[in-house]
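Trainee: Here it is, the structure in full.
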Amino acid sequence: MVAKTANESLTLLGVDGHLNPTVSRYPKSYNHKALKIWVKALENTAQSTDTLDTWMKTIREFLSLCKKSDIDPFNHANARAVNKGIDDWLKSNRVKAVKYCNDTELFKMFTIASARRTAAVTGQAGRNFYVENIARLKSNEDPTLEKWLLGNPLPGFAKIEERSYKKEINAATSIVINFIGSSAATVTLNIYCHSLPMITGKKTNKAMAKHIETKIWTPLVRKHPFNGVQKLF
């Protein structure tokens, strides 16, 4: 599943993850003026039979070298295609999360008291991000609720620590529920993406995170709500 997610993420850059990176396979989404840096990244990265691993290591090295050289790694002429790929990625995983929760009727077991959304830039060179929805819940005080979460095949949560449960919908999308006392809990929906959108203006991590949250993620949350949930979660 992780390999599938990584390969899907590479398609956002316009590359085939089944073949090892080379000079001729320089991603179309990258700045042509940074090609010499790509060559250096290839020289610095040992290739292996695991092509996805080789791609990810080469990309991390390339982005790190670009940052050190103060060169924008991206081809902004291709910004629309890259941004659409990210929109489609987040939409697809949001829809999967909504379908899972609706099918299992998860939110019939809880009432959302409050909710917030956030985004954060991550990764070695600050070139990945995740979006996160966090809600405070009121449970129905059913003493069998935690046992119900562990039901197989559904809801299919796994216990990760005392009173904390996680459901991995796929390698990029997960839901975590933490119980607090007898009638309260928090639920966190997390979606990870291996590529950043291309934006104008400031490109700090803070500016990027705000753009992702307000311009990309929140509109998707509004468009694809969970059944029975009134809050913007």
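Trainee: List the strands (runs of 3 or more DSSP E) that sit entirely inside segment 159-228 and contain at least 1 residues that are in contact with a Gly (Cβ under 8 Å, 6 or more places away or on another chain).
Mentor: Answer list for segment 159-228: 164-170.
Trainee: Give me the residue from segment 145-173 that is over 15 Å from E105 (Cα atoms) and basic (K, R) and, out of that set, nearest to the chain's Cα centre (by Cα).
Mentor: Looking at residues that are over 15 Å from E105 (Cα atoms) and basic (K, R), I get K166.
Trainee: Sticking with this one: Identify all residues within segment 26-62 that are among the hydrophobic types (A, V, I, L, M, F, W, C), in contact with a Pro (Cβ under 6 Å, 6 or more places away or on another chain) and either within 17 Å of K203 (Cα to Cα) or touching a residue at least 40 places away in the same chain (Cβ under 8 Å) (or both); write none if there are none.
Mentor: Quick first cut of segment 26-62, residues among the hydrophobic types (A, V, I, L, M, F, W, C) only: 34-35, 37-39, 41-42, 46, 52, 55-56, 59, 62.
After this cut, where a residue has to be in contact with a Pro (Cβ under 6 Å, 6 or more places away or on another chain) as well, the list is 34, 55.
Residue satisfying the conditions is W55 alone.
Trainee: Determine, yes or no, whether I169 is over 19 Å from P225 (Cα atoms) and either buried (at least 16 other Cβ atoms within 10 Å of the Cβ) or without any contact (Cβ under 8 Å) to a residue 24 or more places away in the chain (or both). Can you show your working first?
Mentor: Working: over 19 Å from P225 (Cα atoms): no; either buried (at least 16 other Cβ atoms within 10 Å of the Cβ) or without any contact (Cβ under 8 Å) to a residue 24 or more places away in the chain (or both): yes.
So I169 does not fit the description; no.
To keep it simple, each residue is scored yes or no on (1) hydrophobic (A, V, I, L, M, F, W, C); (2) surrounded by 20 or more Cβ atoms within 10 Å (Cβ to Cβ).
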residue: I134; (1), (2): yes, no
residue: E146; (1), (2): no, no
residue: L154; (1), (2): yes, no
residue: A185; (1), (2): yes, yes
residue: T204; (1), (2): no, no
residue: P219; (1), (2): no, no
residue: V229; (1), (2): yes, no
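Trainee: Looking only at segment 125-158, how many residues end up being among the acidic types (D, E) and outside any loop (DSSP other than H, G, I, E, B)?
Mentor: 2
Trainee: For segment 131-144, does any single residue satisfy the condition of being more than 13 Å from the chain's Cα centre (by Cα), modelled with pLDDT under 90 and acidic (D, E)? So that I can check it myself, show each step before the final result.
Mentor: Keep residues of segment 131-144 that are more than 13 Å from the chain's Cα centre (by Cα), which gives 134-144.
Within this subset, residues satisfying the condition of being modelled with pLDDT under 90 are 138-144.
After this cut, where a residue has to be acidic (D, E) as well, the list is 141-142.
Yes, segment 131-144 has at least one match.
Trainee: Looking only at helices (runs of 4 or more DSSP H) that fall completely inside segment 1-71, which ones have 2 or more residues that are at pLDDT 85 or above and buried (at least 16 other Cβ atoms within 10 Å of the Cβ)?
Mentor: Once the helices (runs of 4 or more DSSP H) in segment 1-71 are filtered for at least 2 residues that are at pLDDT 85 or above and buried (at least 16 other Cβ atoms within 10 Å of the Cβ), what remains is 35-44, 51-69.
Trainee: Here is a further query. Check off (1) in contact (Cβ under 8 Å) with a residue 60 or more places away in the chain; (2) in the same structural domain as I169 (by TED's automatic domain parsing); (3) closer than 25 Å to H32 by Cβ for K91 and give me the number that stays unchecked.
Mentor: Condition not satisfied by K91: (3).
The values are calculated or read from the model by the stated rules, or taken from the named source; none is laboratory data. These numbers were taken from a predicted model, which means no experiment stands behind them. As a convention, Cβ positions derive from the backbone with ideal geometry for all residues, glycine included, and neighbour counts pool all protein chains shown.
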